[in-house]
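What follows is one structure encoded as structure tokens, with my remarks underneath.
The values are calculated or read from the model by the stated rules, or taken from the named source; none is laboratory data. Just so it is clear, the structure is predicted and the values come from calculations on it, not from any experiment. Glycine also receives a Cβ, built like all others from the backbone with ideal geometry; neighbour counts cover every protein chain displayed. The protein model used for the area step is the full one, side chains on, heavy atoms only, and it has no ligands, DNA or RNA in it. Shrake-Rupley method; radii C 1.70, N 1.55, O 1.52, S 1.80 Å.
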Amino acid sequence: MRQYMRRLSARPHHASSPYDRDNAEWILSKFKEWGLAAEIETFYVLFPTPKERAVELLEPAKFVARLEEPTIAVDPTSSQHSEQLPTYNVYSSDGDVIAPLVYVNYGVPSDYEQLDRLGISVKDAIVIARYGASWRGIKPKVAAEHGAVGCLIYSDPRDDGYFDGDTFPNGAWRPKDGVQRGSVMDMTLYSGDPLTPGVGATKDAKRLPLRDVKVLTKIPTLPLSYADAQPLLAALTGPVVPEPWRGALNQPYHVGPGPARVHLKVKFNWDVKPIYDVLVKIPGSVYPDEWIIRGNHHDAWVNGAEDPTSAQVALLEEGRALSELLKQGWRPKRTIIYSAWDGEEQGLLGSTEWVETHADELRAKAAVYINSDSNGRGYLNVSGSHTLERFINGVARDVQDPETKMSVWKRDQLARIEHGSAEERGEARTRPDLRIGALGSGSDYTAFLQHLGIASLHLGYGGEDGGGIYHSIYDDFYWYTHFSDTKFVYCRALAQTAGTAVMRFADADLLPYDFTDFADTLRTYVDSLKKLLKGAQDESRERNLEIQEQVFTATADPQRPSFPPKPEAAPPYLNFAPLENGVEGIKRAAEHYQRALAKAEANDGTRLARTSLASIDQKLLRSERKLTTAQGLPRRPWYVHEIYAPGYYTGYGVKTIPGVREAIEEKKWQEADAQVAIAGKALDDEAELIESAATDLDRAGQ
Ligand SMILES: [Zn+2]
């Protein structure tokens, strides 16, 4: 795996670059060398690259931002400047603006509520936001909604730099000139090629004209290092920022506006370019039309040793291991597909276009998608569909942690006991399975899970080494082999984890979904919706009371202008019964299925006729699809899953039961009622399907 990484990260390999194509062909050649049937599928996607970039402070003093990451002498690939993409945010619009600067903290909606209280508007201003707290594309989206004309996003050393440790090359953390490149596409609407929403970006696909594309930013946006951001922030006056807004630069933080005036200019080549997905198919011997899909992207922002190569090498090693088993005569029952995606960094392009191209077949055949994206030293992190919770807990119990030699499951359990709240400690000790996180967006599982309703998992190790090279030229072989999984033992652990998951899924008698953990988790989601509503009601009552009591008039410091919040109608009570009944239905059906399965397993499966197993499997295969709806989510019909979605105003952070949750958050009460009904119906349908599979299993087991 060290040798694979050395080869794949030897040169910059962003989507459609010469070395990106070279890597795709090399990956293809490895799979073929191992005797696997592999091919490259090419798509044609919008991939703008910068023609012009400028950020200058015009007043009160002149400063020109460098917008470059310098060579570091000990790091051999950091000098490959001719092949490196410049520092920029892809899918920013073109723009050339001069305006006063305002600091907006992370630039999420609650930060703008704070600005309102300070009486500060960002209308016709350029905002400077720090990275963190949201998908980066949310920052220009929310800024534009508030009337800003430009957006700068910088890495504050509090979140990503010396606050955490020594900076590269002395340590793992972000150096002052390191810049986080990244996409600012509004992925809350859809992922994939901006020109071809919902359909594959094949050569002759029908493409939107650029002016009709809704996922590009409305205002020009550029990322900055903290070396470049520091003089801009130092030039701001106005109120000192609220305490949680303070970063780790050695200066007071002011909001502005002014006297800093900034010139921001970006212009792009708006090109359509080819990207190269590498795909391998191992046909199933019993259920060839049930697909187990495993993927990881191969493209990087620059050299990308950690992101994505550290996990791509595990995927390659899994491919090699499976090919060895095939040579020994092993034949998986179900079809296995391995995929190395291209164009992930711009907006999950390669995976989304493949999913959209093959949507009908995937809806009919896909049983699970298992993703990874990068890997490091430490603990196994798992997120995914809760129907896979029990399954992946089983896998984690059988993989050895390379450092402690206990199972990675045991180590994770003990870490939860050390770091968890009292409730989490209790659960870690007594609940049979460790909970897994829900998936929003941010990597290649998105189109599988959110657009088609294919049960998905996202796996990776980490937590023991820090890092500050994300999306910079310093994410390279030198950094990884000095500061991350330097012995590649966690790359091996990832290959063992994902490889075991693939094999078990491919060879199970029945698809190994479990609905009891799922029902248990759904219960917590419904409870949290109720809490959210109660919190909003209490907060609004309290605020209205304080306004009546003239609290804000009394405490406003006349020398520091602030503005009281406005009174608003208290949120009404909502009827959660359709959701509660849906969860109860799934719980009952899940218990029935569990009993039927236990009985069948006790009979050793010998009395289960293969034909009835196949038909039960077909029902199970559709179970995650039942959680999707034809109309999709409000404002964004591309997202069809009723239980998990990226937040409309957070981006990668997951919202569970998103239609209802966001309606409550945004105080849209009629919509909340309607969404409860829609999500409740999806749960009823799911319960009916599980019940029917359980009944079939009873019958087959008799
Ligand atoms: Zn990645």
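What the table below lists for this structure:
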item	result
Spacing of the two label points (7 Å from each Cα toward its C-beta) at THR49 and GLN251, in nm	3.4 nm
Distance between the stretch 37-110 and the stretch 491-540 - C-alpha centres, whole angstrom	37 Å
Nitroxide proxy distance, nm - points 7 Å out along Cα→Cβ at GLN594 and LYS176	5.8 nm
Rounded FRET efficiency, nearest 0.05, which uses the C-beta distance separating GLU403 from THR555 and R0 of 45 Å	0.25
Evaluated over the stretch 493-548, the Cα radius of gyration and Dmax, each in Å	22.0, 66
Karplus-derived 3J(HN,Hα), 6.51/-1.76/1.60, for each residue of the stretch 637-653, Hz, glycine and proline x	x, 5, 8, 10, 7, 7, 9, 10, 7, x, x, 4, 10, 10, x, 8, x
Rounded to 10°, Cα long-axis angle of helix 577-602 versus longest principal axis of the chain	40 degrees
Under the Karplus curve 6.51 cos²θ - 1.76 cosθ + 1.60, θ = phi - 60°, whole-Hz ³J(HN,Hα) for the stretch 389-404, x wherever Gly or Pro sits	4, 4, 4, 6, 4, x, 5, 5, 5, 10, 10, 8, 6, x, 8, 9
Heavy-atom surface of the stretch 44-97, accessible at 1.4 Å and reported per residue (Å²)	44 Å²
Mean accessible surface per residue for the stretch 106-179, computed with a 1.4 Å probe while every protein chain stays in place, in Å²	34 Å²
Estimated FRET transfer efficiency (ASN575, GLU539; beta-carbon r; R0 30 Å; 0.05)	0.90
22 Å Cα cut-off, lysine pairs counted over the stretch 204-360 (separation 8 or more, or different chains)	9
Residue-averaged 222 nm ellipticity for the chain, from DSSP H runs of 4+ at -39500 (n - 2.57), nearest 500	-11500 deg cm²/dmol
Surface/4 of the Cα convex hull for the stretch 272-366, nm²	6.7 nm²
Check: the chain dipole with +1 on Lys, Arg Cβ and -1 on Asp, Glu Cβ, in debye	400 debye
Sulfur and carbon atoms: percent of accessible area, the stretch 386-520 [1.4 Å]	50 percent
The stretch 379-445: trypsin sites (Lys or Arg not before Pro) falling in loop per DSSP and having at most 10 other Cβ within 10 Å	LYS405
Contour minus Cα-Cα distance for GLN618 and ALA677 (0.36 nm per residue)	18.5 nm
Column: log10 I(q)/I(0), Debye, Cα scatterers of the chain, q = 0.07, 0.08 Å⁻¹	-0.49, -0.64
1.4 Å probe accessible area per residue over the stretch 553-702, in Å²	49 Å²
Ranked packing of 156-165, 34-43, most packed first, by mean Cβ within 10 Å	156-165, 34-43
Of all accessible heavy-atom area on the stretch 181-241, the percent that carbon and sulfur account for (1.4 Å)	58 percent
Spin-label model distance (nm) - VAL240 vs LYS123, 7 Å beyond Cα toward Cβ	3.0 nm
Computed lengthening from THR524 to ALA205, 0.36 nm per intervening residue step minus Cα-Cα distance	110.6 nm
Amide H contacts under 5 Å for ILE336, placed H, 5+ residues apart	ILE282, GLY284, ILE292
Rounded tilt (10° steps) of 489-507 against the dominant C-alpha axis of the chain	50 degrees
Cα principal axis extents for the stretch 566-702, largest first, Å	69, 28, 22
In sequence order, calculated HN-Hα J values of the stretch 419-429 (Karplus, 6.51, -1.76, 1.60; Hz; x Gly/Pro)	9, x, 6, 4, 5, 5, 4, x, 5, 4, 7
Furthest towards positive pole of dipole, PRO70, ALA260, VAL97, structure part the chain, Cβ charges	PRO70
Built amide H within the under 5 Å cut-off of SER407, gap 5+	ASP401
ILE282 - accessible surface, heavy atoms, 1.4 Å probe, Å² rounded to 10	10 Å²
Carbon and sulfur %, accessible surface of the stretch 14-138 computed with the full protein complex present, 1.4 Å	50 percent
Sites LYS267 and GLU666, calculated FRET efficiency, Cβ-Cβ separation with R0 30 Å, nearest 0.05	0.30
Bridge type composition, the chain - antiparallel percent by DSSP, nearest 5	60 percent
Additional length obtainable on full extension of the chain from GLU568 to THR430, 0.36 nm per residue less Cα span	45.3 nm
Separation between Cα centres of the stretch 324-368 and the stretch 462-481, rounded to whole Å	28 Å
Low-density loop cleavage sites - GluC sites (Glu not before Pro) in the stretch 325-417, where at most 15 other Cβ are within 10 Å (DSSP)	GLU403
Cβ-based charge dipole, the stretch 355-410, positive-most Cα from ASN371, ALA396, GLY384	ALA396
Using alpha-carbon coordinates, inclination of helix 610-621 to the longest axis of the chain, degrees	10 degrees
